[in-house]
Amino acid sequence: MAFQNHTARLVSATSLSDFTKHLEFEITGVSRFGFVPGQWLSLKHTKPDGEEITRAYSIASPPVDNNRFALCLNRVQDGYMSNFLCDMKVGEEVLAQGPFGDFILRPPMRDTVFIATGTGIAPFRAMLHWLLADPVRHEGKELWLAFGNRTEKDIYYHDEFLQLAAGHKNFHYMPTLSRGDSDWNGLRGYVQQHVPEVAQNGSDMHAYICGLDKMVKANRELLKGMGWDRKSILYEKYD
């Protein structure tokens, strides 16, 4: 099956940390680019030696009525594609295919816990902004974001999630640091240590987990050990 190639032009680039960027692109030649929150794109680039590099990246923005999407990218040591994208200048272009993937919100809407570390936050940024933009979408269900990182400077989109929590009484933001400074007043430890606080009613909840394999596995096993049905636990691994 042949997939359509899109041309994605970089519109803006914002540093989230020393090694992480938020990149916003527009699809050229169309007025609207449709996707479902949680989906990903395949980006392609041909190296100077002629080798074609293709990598998959989750979309970090909600679908809106325009032709834009965002990515949240870490520079990977010796990783050609991540460094190429992070080094792009505004106005430069890259090929994209998609959207792909079924790591998306599943009906019916239930109380939901989103569990992420690092750039695993990308699909949840898309999902939560989309859900909370319209009460019809979240149906007043309770939503938790358990977001684990090492230090406070590693919490991507921190101010955004604080604002969402302040504006929506059914959204509960749980940033957790494993190496927080002494002045950090939030949760400490690994993210899975705090999931049981909000995941007691596994018979009527959904859990979405995104990040590296070790974290994903730890939280899946935790929830299953709490009696959760595996069909209520959706996950995507970044390694």
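The values are calculated or read from the model by the stated rules, or taken from the named source; none is laboratory data. This one's a predicted model, so the numbers in the text were calculated from it and none came from an experiment. Using ideal geometry, Cβ is built from the backbone for each residue, glycine included, and neighbour counts are taken over all protein chains shown. Surface areas here come from the heavy atoms of the whole protein model, side chains and all, with no ligands, DNA or RNA. Shrake-Rupley method; radii C 1.70, N 1.55, O 1.52, S 1.80 Å.
For the stretch 92-186, give me every one of the helices (runs of 4 or more DSSP H) that falls completely inside it and has 3 or more residues that are in contact (Cβ under 8 Å) with a residue 12 or more places away in the chain and under 14 Å from the mean Cα position of the chain (by Cα).
Hits in the stretch 92-186: 122-132, 158-167.
Is there a residue in the stretch 53-69 that is more than 23 Å from THR20 (Cβ to Cβ), in contact with a strand residue (DSSP E or B) (Cβ under 8 Å, 6 or more places away or on another chain) and either β-branched (Val, Ile, Thr) or surrounded by 20 or more Cβ atoms within 10 Å (Cβ to Cβ) (or both)?
Looking through the stretch 53-69, none of the residues is more than 23 Å from THR20 (Cβ to Cβ), in contact with a strand residue (DSSP E or B) (Cβ under 8 Å, 6 or more places away or on another chain) and either β-branched (Val, Ile, Thr) or surrounded by 20 or more Cβ atoms within 10 Å (Cβ to Cβ) (or both).
Can you tell me which condition LEU145 does not meet? The list is (1) more than 25 Å from ALA56 (Cα to Cα); (2) buried (at least 21 other Cβ atoms within 10 Å of the Cβ); (3) of a type in the set (A, V, I, L, M, F, W, C), and all the others hold.
(1)
Could you say whether any residue in the stretch 67-79 is aromatic (Phe, Trp, Tyr) and assigned to a strand (DSSP E or B)?
Checking the stretch 67-79: at least one residue is aromatic (Phe, Trp, Tyr) and assigned to a strand (DSSP E or B).
Specify which of the listed residues (ARG106, ARG125, ARG110) is surrounded by fewer than 16 Cβ atoms within 10 Å (Cβ to Cβ), at pLDDT 95 or above and not acidic (Asp, Glu).
ARG106
Regarding GLU139, is this residue at positive phi, of a type outside the set (Phe, Trp, Tyr) and out of contact with any Asp or Glu (no Cβ under 9 Å at 6 or more places or on another chain)?
Here the answer is yes, as GLU139 does meet what is asked.
Could you tell me whether the stretch 82-90 includes any residue that is within 18 Å of VAL216 (Cβ to Cβ), open to solvent by 40 Å² or more (accessible area, probe 1.4 Å) and at pLDDT 95 or above?
No, every residue in the stretch 82-90 fails to be within 18 Å of VAL216 (Cβ to Cβ), open to solvent by 40 Å² or more (accessible area, probe 1.4 Å) and at pLDDT 95 or above.
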